[in-house]
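Below: the structure, in structure tokens.
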Amino acid sequence: MGAIESKVGEPVSDESVLVDAARNGDVGAFEQLVRRYDRNVFRIAQHITQNREDAEDVVQDAFLKAFQNLGQFQGQSKFYTWLVRIAVNEALMRLRRRRPERTVSLDEDIKTEEDSMPREVADWSPNPEQLYSQAELKDILSKTIQGLPPGFRAVFVLRDVEGLSTEETAEALNLSIPAVKSRLLRARLQLRERLNKFFKRRNGDSGQ
Amino acid sequence: MTCSEFLKELTDYLDNTIDQRTRAELEDHLQWCHNCYVVCNTTKRTIEIYRDSELFELPDDLRSRLRSAIISKCKQHKAKSEA
């Protein structure tokens, strides 16, 4: 394609050039945006849907919708935040289709007593992830996060895995900043508690 | 500071988005409260483990297959809207 040659992770200023070009129908410019963010969108989609096929569909549908609706993107937020918002909505829609018997929304709650200390407080082994093979660890992490409601998975993956700011996460999920903070705390504490049984210090572990 | 108060501030503490005074109070609490120390430490590890896990990475072959499909649909959309 023409003069625009961008790589993933380049500054946002280049991005507005790509977005403008794509908005004017330059598919090559849009392809650069796809290359920049497809890995992120896939990770987010799979964290929320917990299903590989759904995640693949979400990646395709989210980018296509973004391309079709670029005219509505005002540039007040980052393109990525806008794209993530589309992808999260697509992912939640897939979940609803897969689990029609359950309400799937960002409002679904988890049963924790936010103001109380976790009951079981045991320290972890010095390098807990090394207690397992990489495949075992991925399985543990995947099954553990699956236990959280989708809205909490979404907040956790955007803030802690993808590194979006609290404000960007709030914008992408259409939540208030206090709601993002409260969900993030509870998601983190829930995951910590669930990982405890795999990672806690066992007799014979050497201390630090 | 009580343990409940500590817990309420935990996310801001871990994200380093807290004023100096509250940070000092939290760190004072951590000095003597072993439970909060462990919860804080293991929560931080939880985040690090997920962040570093490369869970759900997009394999190269699937990546290029998805990209081709996306670009081809975008081209179809463009052709339709220009027709």
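For the range A:12-49, the candidate set comprises residues that are free of Cβ contacts under 8 Å to residues at least 12 places away in the same chain and among the small types (Gly, Ala, Ser); within that set, the residue that is surrounded by the fewest Cβ atoms within 10 Å (Cβ to Cβ) is A:Ser13. Name the residue, out of B:Leu10, B:Leu30, that is in a helix (DSSP H, G or I), facing chain A (nearest Cβ under 8 Å) and of a type outside the set (S, T, N, Q). Among B:Leu10, B:Leu30, only B:Leu10 is in a helix (DSSP H, G or I), facing chain A (nearest Cβ under 8 Å) and of a type outside the set (S, T, N, Q). Residue-level analysis places A:Asp123 outside the set of residues that are in contact with a helix residue (DSSP H, G or I) (Cβ under 7 Å, 6 or more places away or on another chain), surrounded by 14 or more Cβ atoms within 10 Å (Cβ to Cβ) and modelled with pLDDT of 95 or more. Being more than 9 Å from every other protein chain (Cβ to nearest Cβ) and either farther than 30 Å from A:Asp26 by Cα or not charged (D, E, K, R) (or both), is that true of even one residue in the range B:54-63? Yes: the range B:54-63 contains one or more residues that are more than 9 Å from every other protein chain (Cβ to nearest Cβ) and either farther than 30 Å from A:Asp26 by Cα or not charged (D, E, K, R) (or both).
Quick one: in the range B:13-27, of everything that is among the hydrophobic types (A, V, I, L, M, F, W, C) and either over 12 Å from B:Val39 (Cα atoms) or part of a loop (DSSP other than H, G, I, E, B) (or both), which residue is farthest from the other protein chains (Cβ to nearest Cβ)? The qualifying residue farthest from the other protein chains (Cβ to nearest Cβ) is B:Ala24. Under the condition of being more than 7 Å from every other protein chain (Cβ to nearest Cβ), more than 11 Å from the chain's Cα centre (by Cα) and free of Cβ contacts under 8 Å to residues at least 24 places away in the same chain, the residues counted in the range B:34-52 number 3.
For B:Ile71, are the conditions met, namely being farther than 20 Å from A:Lys65 by Cα, at pLDDT 95 or above and within 7 Å of chain A (Cβ to nearest Cβ)? Judged against the criteria, B:Ile71 is not a match.
The values are calculated or read from the model by the stated rules, or taken from the named source; none is laboratory data. Since the model is a prediction, treat every value here as computed from it, not as a measurement. In this analysis, Cβ positions are derived from the backbone assuming ideal geometry, glycine residues included, and neighbour counts consider all displayed protein chains.
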